[in-house]
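What follows is one structure encoded as structure tokens, with my remarks underneath.
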Amino acid sequence: MLRRTFVTHLIAGLGTTATAHRSIAAEPLKMRDLYNKDLSFSDIAQDRDGSRVEITGFMAPPLKADSKFFVLTKTPMSVCPFCETDAEWPDDILAIETKRRVRVIPFNVRILVNGVLRLGSHTDPDTGFVSRVRLTDATYR
Amino acid sequence: MKSRFGRQCFGPNIPENFTKLSLYQLELLQNFGTGPLIRRQYNPIWSLRMKTSFLALAAMLTATATTAQDLPQAGNNWFSAAQSELKSRLAITPNTGKAKNVIILISDGNGVGSNYAARLWMGQQAGGFGDDFVLPHEAFPNLALSKTYNVNAQTPDSAGTGTAMHSGVKTKAGVIGVDETLNRGDCSQVQAATVANAAEIYTNLGKNVGIVSTARLTHATPASVYAHSADRNFEDDSKLPEGCATPDISSQLLDAMKAGTVDIALGGGRRHFIPKDTKGEEGKSGKRTDGRNLIKEAADAGIAYVWNDETAAAADLTKPVLGLFESSHMKYEHDRTGEPSLAEMTEMAITSLAGGENGFFLSIEAGRVDHANHAGNAHRMVTDAAAFAAAVARADALTDDADTLIIVTADHEHAIAFNGYCGRGSSITGLCMGVDSNGIEHTGEPNLAADGQPYTVIGYLNGSGSVLREDMNWAGVRPAGLDEETATDPDYIQQALIPSRSETHSGEDVAIYAKGPWAHLINGTVEQNYIFHVMHHAATVE
């Protein structure tokens, strides 16, 4: 293969990859896609258990500084100081185990998380947070 | 205060709205040639007594004048509809009988603005533009505005407002069933500051008492029916300060049910009734640190316990009933599963309470309209407000206007606001579409702001939907490309200005709607605690 041809193919391949990536990114899962109304796991969630997925949501305030763990919620965590003494965790949350130490994102900024979907009860060893579903080896932007 | 005739009319204790009404009466009558007579005899007490007859006379003259004239718009549908409305209102006569039953329905955080959103939502769900839809309580014949501030807070909280409505006195923010002499959190002051609450007052009148809420039964509004607490947060013993002699709020509910001052209580908040090492029916742990299981204690005392829609449907309503349908608050209506609706709980409560010879007092709260507003999520706000409207309709259908006073109100409003200029049929949770000058329905094209971006009908002044970002030194740019599908998504957070984790209440007035005995006393702009006095008067008048 001529060098020029190889470079052309490489660029084309990169373009295809980039297009495919954009395609995935254009239709990420929503948090609610993981659950049925009764909070059992949806067919989508069960089909993708163990697969890498992209999901949008909001980063809840990290439970511990300098950790590799945070909680993703479908809407920003709303803590009314007049109304509640504790954070009211919604039922449909997603635990995120990150590849790198967590860089905190402002509470009102939607993020896109990429990670491996794992269904089943799990306790985070650092925070003791119990989750029913999580993304492992996750990155986010 | 000077009248327009330069006369000193009123002392400092006369409400301002009274002045306005009186001057309005004078204007009406002057227009019909009786002004000089009125001016000669004018004094406030006389005016008060004559208010009803003057207004009736004015209305009659107005109606006569209208029907006597051949107006070109007489055939217009809007004109004839308003004429029909006028005729039906002229036929209304005040009900001055004694109220056997009193029902107050409080939609937490559902002020005039939020109620407007609910009206459009329900109307649009029914296939219309929404503006002309009539919510069940909007058909009630009597309306007033309620001033909701707490004694120490321009912007109120639900503990102070609940106490105002259930005990008849305004008090400080954050305290329940006590007056303003108490400093929030100081248990030692509770006994001296205690005021009688609705559960105690109506029990003493021989009535059954019920509480329904989609929030925790220990949350501020329902707690104000039966509890006395130095702090709304004392929902279980783990929150009590060291040495506090006043029982926690969940213990007070159990005590009230054992004593017979509360006969049925349906809502959320199971976690405050069970120990922290005990899990409830849905697998969530309790909060109590004293080891008490109040649910078991309730069962031992002969109180029926229900925890989901199935057990609720099978409940023996001849017994006292405690329903705890969630560990914390019940679900939003949009997310509800396995739990009774607010309307279903309303029917349960009325069925349970109606057997009493002397009638009942029932307080019903849609607690999560407030929470959805706090979250800046208009979709869940309007869907919970619609569930509230269904509860109002159910309560109305199950009772008789002749002997049941129904009050519908909110405890406070939120920092919700509405953009313009939107064409008819713009989705209340969606984008503000253009006005079609050549038609009725909107143009289908969203209005654009100066930044070239569309915007939703509903916005919030503050909250988690803020367009300002911490990582941009609190500068901000509105997201580009907001479309109708995104804006009407049930999880969409409406844009806000001031950044805060939770959108706030506001001090704006809320409406009071009323029907039944003495409902005509709901009129004008009143202090919120006045609601209690109308209910109490209706229930005790001879």
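Nothing in this text is a laboratory measurement; each read-out follows from the coordinates by a stated rule. This structure is a prediction, so every number in the text was calculated from the model and none was measured. Here the Cβ is made from the backbone with ideal geometry for all residues, glycine too, and neighbour counts use every protein chain on show.
Got a sec? Which residues in the range B:131-168 would a label at residue B:112 touch, if it sits 7 Å along Cα→Cβ and we count backbone N under 11 Å? Under cut-off, by backbone N: B:144-147. Here the Karplus relation 6.51 cos²θ - 1.76 cosθ + 1.60, evaluated at θ = phi - 60°, turns the backbone of the range B:372-378 into coupling constants of 5, 4, 4, 7, x, 9, 5 Hz, with x for every Gly and Pro. Quick one: if the Förster radius is 45 Å, what FRET efficiency do residue A:36 and residue B:467 give, using the C-beta to C-beta distance and rounding to 0.05? So the FRET efficiency works out to roughly 0.85.
When B:147, B:331 are sorted by how many other C-beta atoms sit within 10 angstrom of their C-beta, beginning with the fewest, the order is B:147, B:331.
Computed about its Cα centre, the charge dipole of chain B is approximately 1900 debye, with only Lys, Arg, Asp and Glu carrying charge at their Cβ.
The charge dipole of the range A:28-140, taken about its Cα centre with unit charges on the Cβ atoms of Lys, Arg (+1), Asp and Glu (-1) only, comes to about 480 debye.
The overall shape of chain B, judged from the alpha-carbon gyration tensor, is oblate: a/c is not under 1.5, and a/b is no greater than b/c.
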